[in-house]
Every structure is written in C-alpha cells, then in structure tokens.
C-alpha cells in the first residue's frame, strides 16, 4: 500500500468545486429507471445512457470521479475507448461498486448485512487492472420499530472496515458508505440518534482494522426526517444536525465526506449540501456522491431517444454544475431557474 498515493487519490475525489457521479446502479435498479421512460434495459441502451453522462460537455468541471458498475467498467464509448480510459483522460477518476448487495441478516427480522467479502481481494486486483482507483461498499441501516439493533450496526461496520482494508492493500481508495435510510416516518432526532451509533461503530472498526484514514472517503446519509414524517425538518435544521453528528465522529484525518442523496429530490440534496458548506470552516471537504439526484432530470430529458442525446447531456452538466457550486456553499435556490 502506497499511503501517499491513496491520499492523493482521495483528495482528488473531493477536490474543491467537484463531486462524484454514482453511475453504479445494478441491472435491476437501472431497469426501473428505464421503465419510467418506457425504454428496454438492453446492454446497448445502458451503454448509450452511461456514454451520454460521461461525455457530457462541461461535466468534467464539476465531476471528480465516477462510480461504475461491473458491466460498465468493461464497456466502451462508440469510438471504442474503454470507459475508464476515457474518464481518466478527462481528469475524472474511475471507481467501482464492489459490494454484492444488502441481504437479510439471519436471525434479525427487517435488518440486512451487505455481502461480497468472499473473493473481494481477487476482484479488486482485476478492477485495478481495468483502471479503477477507488471503490464503493454500501451498508444499509433501516429505522423502524425495534430496529436497528446494535448487533446489525456492528456487523455492517465490521464488513465495511474489512472491505476498506482490502481496498487499501490493493492501491484502491475505499468509499465507506454506512447509509441510514430515510424511509419511514421517523423524526430527525431519531435519525441523529441512529447515525450517531452507526458512525461511532464504523470508525471504531476502521481503527481496529488499521485502515489509513487519510486514504478513504466517507459517504454518509444526511441527518434528515423520514420521508413519511408528519413534520419534516427545515433545510437549515438538516444542515446543522448533519454537521453536529459528523464533527462528533469523523476524524479530521479523513480528506473528505461525499454525501449520498438517499431519496431526496435533486434540488433538496443540492440545497442541503450548500447550506452545510456555508456553515464552515470544516475539517474535511464536504461534497456529493449522487446518483438519482444528478441523473433524474437528465434521463427524462434524454428519454432514450437519439435526437435528445445532447439535451440529456446539457441537463446532466447543469445539475453537476449546481452541485459543484453547492460543494463550496455558492448555490442558491434561485439558480435553478437561471440555469434551466
């Protein structure tokens, strides 16, 4: 493990004014997105869609890295350039999702454990050879009656740390993603309470597994009310609560925090990020690692039609730019209309 190289990549991932595009949807997830625009989820349609995003003019100014899926890292642009090579030439760091999904945790109804540690070392070696320089592993913590249990939190934190150590051993920066879901009707206070426990457990495991903190990026949820909550907390309250929790648990050695959007609307996710950056100075870079919040309007503008390829690209570049501004606290809601 070359520590200085890991730190250089991690800092590049959270470079000022830039963030990450999560384009690592599983085949099932992207099928749902394509269903919404009445497009068959064929390999060629998936390749064309990803190419639309990756080759969007101007997007590289706001996108530091892209999380790819196993299929996507092996695909090429229309002119035959492998996607990782194309992105690297633009100065965008290619990454890869390596977990195999959240599966039911035996003996713990309603809770999950993320699988994929078996054979991970060999997969990381292959992905590094294909051009990936960072990876992602998502742990899922749900809030409902009687859950999460402390055991499920610990089990997921342990798996995240094992994954992170294996990544660093193979010259790959781990994105550590412990996601407390915003499904359900819980209050922002309940989200804060659970996220406190999750981050405390995660950083304890990272320390015990000797993970090099300067060579990782954290991808947490924001502290936010459940989607079905009666009185959802205001954006400023979300920003303040999120920073309060992060300051309690995330050591300043970590170069940056790249939030997941986790079911927020595109504009909501951008506003929350900008408000947090306005509350600085902060010990780490605070940016985005968004999937749906960057892609929603772009996929609708494209609609699977070749004639709309450029329109989809323009919409993606617009959202990327607004989030790039949010990552330095320079976004305001009235920019939505101006940039349209």
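The values are calculated or read from the model by the stated rules, or taken from the named source; none is laboratory data. Computed from a prediction, not measured in an experiment: that's the story for all the values here. Virtual Cβ from ideal backbone geometry, glycine too; neighbours counted across all protein chains shown.
Screening residue 264 with (1) within 22 Å of residue 46 (Cα to Cα); (2) in contact with a helix residue (DSSP H, G or I) (Cβ under 7 Å, 6 or more places away or on another chain); (3) at pLDDT below 95 gives one miss only, at (1).
Residues that are without any contact (Cβ under 8 Å) to a residue 24 or more places away in the chain and either farther than 30 Å from residue 280 by Cα or touching a strand residue (DSSP E or B) at 6+ places or on another chain (Cβ under 8 Å) (or both): which helices (runs of 4 or more DSSP H) entirely in the range 1-96 hold 1 or more of them? So that I can check it myself, show each step before the final result.
Details: elements: 3-13, 27-36, 43-54, 70-73, 83-89.
Where helices (runs of 4 or more DSSP H) fall fully within the range 1-96 and carry at least 1 residues being without any contact (Cβ under 8 Å) to a residue 24 or more places away in the chain and either farther than 30 Å from residue 280 by Cα or touching a strand residue (DSSP E or B) at 6+ places or on another chain (Cβ under 8 Å) (or both), they are 27-36, 43-54, 83-89.
Limited to the range 173-197, what total is found for residues that are surrounded by fewer than 24 Cβ atoms within 10 Å (Cβ to Cβ), in contact with a strand residue (DSSP E or B) (Cβ under 8 Å, 6 or more places away or on another chain) and part of a helix (DSSP H, G or I)? The qualifying residues number 1. A Cβ distance below 7 Å, combined with a sequence gap of six or more or placement on separate chains, defines the contacts here; from the range 253-278, residues that are under 17 Å from residue 240 (Cβ atoms) reach residues that are assigned to a helix (DSSP H, G or I) and modelled with pLDDT under 95 in the pairs 264/293; 269/293.
Right, residue 116: over 20 Å from the mean Cα position of the chain (by Cα) and over 19 Å from residue 289 (Cα atoms) or not? Don't jump to the end; show me each part of the working.
Working: over 20 Å from the mean Cα position of the chain (by Cα): no; over 19 Å from residue 289 (Cα atoms): yes.
Answer is no for this residue.
Checking 288, 316 one by one, the residue that is surrounded by 23 or more Cβ atoms within 10 Å (Cβ to Cβ) and assigned to a strand (DSSP E or B) is 288 and no other. Considering every residue within the range 291-308, establish whether at least one is in contact with a strand residue (DSSP E or B) (Cβ under 7 Å, 6 or more places away or on another chain) and either modelled with pLDDT of 95 or more or farther than 17 Å from residue 243 by Cβ (or both). Yes: one or more hits.
Within the range 214-230, the residues that satisfy the criterion of being touching a helix residue (DSSP H, G or I) at 6+ places or on another chain (Cβ under 9 Å) and assigned to a loop (DSSP other than H, G, I, E, B) are 216, 220, 221, 222, 223, 224, 225, 226, 229. Residues satisfying the criterion are absent from the range 206-224 (criterion: more than 21 Å from residue 136 (Cβ to Cβ), in contact with a strand residue (DSSP E or B) (Cβ under 8 Å, 6 or more places away or on another chain) and either modelled with pLDDT of 95 or more or surrounded by fewer than 23 Cβ atoms within 10 Å (Cβ to Cβ) (or both)).
If we keep just the residues of the range 97-110 that are assigned to a loop (DSSP other than H, G, I, E, B) and touching a helix residue (DSSP H, G or I) at 6+ places or on another chain (Cβ under 8 Å), which is surrounded by the most Cβ atoms within 10 Å (Cβ to Cβ)? Among residues in the range 97-110 that are assigned to a loop (DSSP other than H, G, I, E, B) and touching a helix residue (DSSP H, G or I) at 6+ places or on another chain (Cβ under 8 Å), the one surrounded by the most Cβ atoms within 10 Å (Cβ to Cβ) is 98.
Which residue is surrounded by the fewest Cβ atoms within 10 Å (Cβ to Cβ), if the candidates are limited to the range 111-155 and must be part of a helix (DSSP H, G or I) and in contact with a helix residue (DSSP H, G or I) (Cβ under 8 Å, 6 or more places away or on another chain)? Among residues in the range 111-155 that are part of a helix (DSSP H, G or I) and in contact with a helix residue (DSSP H, G or I) (Cβ under 8 Å, 6 or more places away or on another chain), the one surrounded by the fewest Cβ atoms within 10 Å (Cβ to Cβ) is 150.
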